[in-house]
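The block underneath contains the structure these notes are about, expressed in structure tokens.
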Amino acid sequence: MTEIHLPLELKNFENKLDELIEHYQYLKNENKDLKVKLEHLTQEKVELLEKASLAKARVDTMITRLKVMESGS
């Protein structure tokens, strides 16, 4: 390899390295954002499951009351 090509190869390597660093930073930020989103969605799921459980309990209570009223007539 001649010394004339070396600076060009180094420049190409430097450019490729810069691209990789930029891509790494992008992926790192995206990963951070996805972790935050996952945390929010997980919390939302917990809240929705609690609401569904409360709604089921209310429906079960209403059904029981209706059965009592029906058998009382």
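Listed values, structure above:
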read-out: Subset tally (residues that are over 30 Å from the mean Cα position of the chain (by Cα) and in a helix (DSSP H, G or I)) for segment 1-38; value: 12
read-out: Filter pass, Leu41 being modelled with pLDDT under 95 and part of a helix (DSSP H, G or I); value: no
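The values are calculated or read from the model by the stated rules, or taken from the named source; none is laboratory data. Just so we're clear, the structure is a prediction, and the values are computed from it rather than from any experiment.
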